[in-house]
Amino acid sequence: MLREKIEAIVETIVSDIIVDSKLELVDVEYVKERDWYLRVYLDKESGIEIDDCQWVSEQLEAKLDESDLIKDHYYLEVSSPGLDRPLKKDRDFIRHAGDKIEVKTYEPINGKKLLVGTLIGLLNGNVQIDMDGQTVTIPIEKTAQIRLHIEF
């Protein structure tokens with residue numbers, strides 16, 4: 001089965017598991033590193049706790065074993081997306097409007113391939129950020145990665 005199809009099915013299963021909770025599904029990845037990994041990233045307004053991850057992991061593991069969806073040997077990881085989480089879905093851009101982000105692009109925009117600014121939002125397939133009072137518009141297809149920016 002295709003990786004993308006597995007991710008979509010797992011996303012549906014996890015969404016059903018967390019429907020009556022305060023948890024939010026951030027992302028699902030099924031990736032081959034040295035081994036296969038099925039990674040589920042969760043969040044909630046008050047912050048994710050290990051008990052949340054364990055509960056979802058146990059529920060998901062039971063459903064996956066029951067359905068025999070994934071034929072390969074894999075490791076299941078359920079966790080928080082971290083402080084520097086990537087922004088991928090429309091709801092990520094809505095939730096993090098006003099937050100500082102960094103945008104890595106495939107080719108320079110205004111002479112830079114790394115732009116840091118305050119997220120205004122996602123409009124018509126373009127990421128809009130405020131950089132020192134100037135609105136910069138970046139077509140989403142020209143972005144390699146968009147993450148929350150962490151300042152140390």
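Could you go through the stretch 52-69 and let me know if any residue there is crowded, with 16+ Cβ neighbours inside 10 Å and within 13 Å of the chain's Cα centre (by Cα). The answer is no, given that none of the residues of the stretch 52-69 is crowded, with 16+ Cβ neighbours inside 10 Å and within 13 Å of the chain's Cα centre (by Cα).
On the basis of being without any contact (Cβ under 8 Å) to a residue 24 or more places away in the chain, more than 18 Å from Tyr75 (Cβ to Cβ) and in contact with an Asp or Glu (Cβ under 7 Å, 6 or more places away or on another chain), does Leu2 make the cut? Against the criterion (without any contact (Cβ under 8 Å) to a residue 24 or more places away in the chain, more than 18 Å from Tyr75 (Cβ to Cβ) and in contact with an Asp or Glu (Cβ under 7 Å, 6 or more places away or on another chain)), Leu2 does not qualify. For the stretch 100-143, the set of residues classified as free of Cβ contacts under 8 Å to residues at least 40 places away in the same chain and polar (S, T, N, Q) consists of Thr105, Asn110, Thr118, Asn124, Asn126, Gln128, Gln134, Thr135, Thr137, listed by residue number.
Do you know which residues across the stretch 59-85 are in contact (Cβ under 8 Å) with a residue 12 or more places away in the chain and either among the aliphatic types (A, V, I, L, M) or in a strand (DSSP E or B) (or both)? Residues satisfying the conditions are Leu60, Leu64, Leu69, Ile70, Tyr74, Tyr75, Leu76, Glu77, Val78, Ser79, Leu83. Somewhere in the stretch 89-99, is a residue of a type in the set (A, V, I, L, M) and in the same structural domain as Glu141 (by TED's automatic domain parsing)? Taking every residue of the stretch 89-99 in turn, at least one turns out to be of a type in the set (A, V, I, L, M) and in the same structural domain as Glu141 (by TED's automatic domain parsing).
Yes or no, residue by residue, for (1) surrounded by 12 or more Cβ atoms within 10 Å (Cβ to Cβ); (2) closer than 29 Å to Lys22 by Cα; (3) touching a strand residue (DSSP E or B) at 6+ places or on another chain (Cβ under 9 Å):
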{"position": "Arg91", "(1), (2), (3)": "yes, yes, yes"}
{"position": "His96", "(1), (2), (3)": "yes, yes, yes"}
{"position": "Pro108", "(1), (2), (3)": "no, no, no"}
{"position": "Val116", "(1), (2), (3)": "yes, no, yes"}
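Applying the set (1) without any contact (Cβ under 8 Å) to a residue 60 or more places away in the chain; (2) part of a strand (DSSP E or B); (3) in the same structural domain as Val10 (by TED's automatic domain parsing); (4) under 30 Å from Asp130 (Cβ atoms) to Asp27 leaves exactly one unmet item: (1).
Within the stretch 70-89, track down each residue that is at pLDDT below 95 and surrounded by fewer than 11 Cβ atoms within 10 Å (Cβ to Cβ). If the condition is that a residue be at pLDDT below 95 and surrounded by fewer than 11 Cβ atoms within 10 Å (Cβ to Cβ), then Lys71, His73, Leu83 are the ones that fit.
Taking the stretch 95-137 as the range and being in a strand (DSSP E or B) and over 27 Å from Asp43 (Cα atoms) as the test, the residues that pass are Tyr106, Glu107, Pro108, Ile109, Lys112, Lys113, Met131, Gln134, Thr135, Val136, Thr137.
Evaluation of Ile146 against the conditions (1) touching a residue at least 60 places away in the same chain (Cβ under 8 Å); (2) out of contact with any strand residue (DSSP E or B) (no Cβ under 6 Å at 6 or more places or on another chain); (3) β-branched (Val, Ile, Thr) shows that the sole unmet condition is (2).
The values are calculated or read from the model by the stated rules, or taken from the named source; none is laboratory data. Owing to the predicted nature of the structure, the values given are computational and were not obtained by experimental measurement. Positions of Cβ are generated from backbone atoms using ideal geometry, with glycine treated the same way; all protein chains shown enter the neighbour counts.
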